[in-house]
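Colleague: Here it is, the structure in full.
The values are calculated or read from the model by the stated rules, or taken from the named source; none is laboratory data. None of the values given here were measured: they were computed from a predicted structure. No Cβ is skipped: glycine too gets one built from the backbone with ideal geometry, and neighbour counts run over all protein chains shown. Each accessible area value is taken on the protein alone, full model and side chains, heavy atoms only, with ligands, DNA and RNA left out. Shrake-Rupley method; radii C 1.70, N 1.55, O 1.52, S 1.80 Å.
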Amino acid sequence: MEVNREHIRALLFEKVTGSISEEDNRLVTAAIENDAAVADMWHNIREELDNDKSRRFMAGIDETRGWNNIQPQLRSHSKVFLLRKWRVAAAVVLLIIAAGGIWYFSGRNISSGPATLPLAQNTLLLRLSDGKDIPLSASAGNTITAGAIKLVTSGNRLTYTAPENAADEWATLMVPGKLDYKIVLKDGTEVWLNSQSSLRFPYAFKSGNREVYLSGEAYFKVAKNEQQPFIVHAGETRVEVLGTSFNIHAYDPAKVTTSLVDGAVVSSKEDIKVKLSPGYQSVYEDGKFVTTSFDTYNTLSWMDGTTHFRDEKLSSIAVIISRWFEVPVIFDNPALANETLSGAIDKRKPLDVFLTNIAISSGVQYYYKGNVLHLK
């Protein structure tokens with residue numbers, strides 16, 4: 001008996017979530033064994049969904065909310081999608097948004113714009129103290145000499161050697177959208193910069209404090225030196241450590257989040273100080289600090305090229321899109337800015353993949369006008 005391919009697709013999602021009946025499992029197993037296209041479909045679904053990261057994300061999804069979001073979309077496909085486990089289906093569709101790689105409602109053309117977005121030229125730069133900009137290659141090893149400084153690039157990593165008398169010389173590493181980049185400072189401290197972030201640093205540290213200036217977001221793994229505290233100036237705050245690992249989100253200078261992974265840090269603004277323990281973060285805003293616990297996986301996911309969000313306003317997601325893909329975002333309907341979504345953005349995949357998925361799950365449409373992204 002010929003089986004509807006879309007019905008098989010639906011059963012595959014039930015199978016990967018463990019909600020399939022014995023009878024349907026026999027049916028879909030036979031289809032996988034006898035139909036190469038179904039076998040490929042099964043492989044792709046498992047690759048995207050059957051892993052620890054996806055299971056962790058799925059465990060935190062509000063299935064009722066997810067079902068409410070996708071139910072209107074499912075109604076129009078009721079003849080071909082025969083999922084009985086509706087709440088599982090809602091969770092799975094939201095998980096697909098997080099994975100960003102599978103298009104559940106096949107054959108539906110959401111975009112009225114071009115298939116790919118023309119991005120601005122990504123230029124990774126090191127700005128020297130004299131104002132000269134040195135482009136850095138993010139693809140191959142390269143050695144650059146700037147006076148007494150020897151810079152070595154390798155993939156997405158910069159190291160350098162400098163004499164001790166270079167402490168008065170500073171440079172600024174500037175990372176554009178779509179990229180992230182690591183630099184190893186003179187003392188061995190590793191700093192991983194997120195998209196559209198910059199780090200101003202001295203080539204060598206004088207006696208006393210080791211100080212750097214951050215704009216944007218970065219993860220620090222500070223080399224321990226009890227004689228020289230390491231200080232990060234970020235927005236309106238400063239973070240002081242001896243040797244530890246932490247993340248700072250400071251795209252908005254008036255709102256700075258410091259998240260401690262291990263060790264200890266003191267985040268301060270003038271005479272206000274907050275000491276953090278591992279697993280806790282401080283958020284500075286409106287002249288005060290608020291301390292809460294945080295999810296390390298979600299906070300540091302940007303280092304893997306993704307950013308995760310749960311019940312996040314579309315206005316906040318638009319900021320991330322603009323930052324990571326270097327494209328302005330305009331809401332044709334301002335009310336959309338307050339809509340909330342759960343999922344993830346993968347900067348390594350075309351932006352249209354994410355936009356198509358949110359269009360499927362929420363009904364938010366998009367198009368490009370020139371290099372500007374419009375949401376409606």
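Colleague: Select from the range 337-353 the residues that are part of a helix (DSSP H, G or I) and at pLDDT 85 or above and write down the one among them that is surrounded by the fewest Cβ atoms within 10 Å (Cβ to Cβ).
Modeller: Checked the range 337-353; the qualifying residue surrounded by the fewest Cβ atoms within 10 Å (Cβ to Cβ) is ASN338.
Colleague: Looking at this structure, is VAL283 in contact (Cβ under 8 Å) with a residue 12 or more places away in the chain and either under 14 Å from the mean Cα position of the chain (by Cα) or open to solvent by 20 Å² or more (accessible area, probe 1.4 Å) (or both)?
Modeller: Answer is yes for this residue.
Colleague: Just checking, how many residues over the range 297-315 are open to solvent by 30 Å² or more (accessible area, probe 1.4 Å), more than 13 Å from the chain's Cα centre (by Cα) and at pLDDT 90 or above?
Modeller: 2
Colleague: Which one of ALA204, ALA148 is open to solvent by less than 30 Å² (accessible area, probe 1.4 Å) and over 30 Å from PHE294 (Cα atoms)?
Modeller: ALA204
Residue-wise test of (1) among the β-branched types (Val, Ile, Thr); (2) within 30 Å of PHE354 (Cβ to Cβ); (3) open to solvent by 30 Å² or more (accessible area, probe 1.4 Å).
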site	(1), (2), (3)
LEU126	no, no, no
GLY177	no, yes, no
LYS182	no, yes, yes
GLN196	no, yes, yes
LEU199	no, yes, no
ASN225	no, no, yes
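Colleague: I've got another one for you. I'm trying to understand the selection: among the residues of the range 318-336, which are assigned to a helix (DSSP H, G or I) and under 21 Å from the mean Cα position of the chain (by Cα)? I'd like the intermediate steps shown before the answer.
Modeller: Of all residues in the range 318-336, those assigned to a helix (DSSP H, G or I) come to 318-325, 334-336.
Hits for the range 318-336 are ALA318, VAL319, ILE320, ILE321, SER322, ARG323, TRP324, PHE325.
Colleague: Out of (1) closer than 27 Å to THR237 by Cα; (2) open to solvent by 40 Å² or more (accessible area, probe 1.4 Å), the odd one out for PRO334 is which?
Modeller: (1)
Colleague: Of all the strands (runs of 3 or more DSSP E) wholly in the range 129-196, which have at least 2 residues that are closer than 17 Å to TYR213 by Cβ? If you could, list the steps in order and put the result at the bottom.
Modeller: On the way: elements: 133-135, 142-146, 149-154, 157-161, 170-175, 181-184, 190-193.
The strands (runs of 3 or more DSSP E) meeting that bar are 170-175, 181-184, 190-193.
Colleague: Which members of the range 357-376 meet the condition of being open to solvent by less than 20 Å² (accessible area, probe 1.4 Å) and among the polar types (S, T, N, Q)?
Modeller: ASN357, SER361
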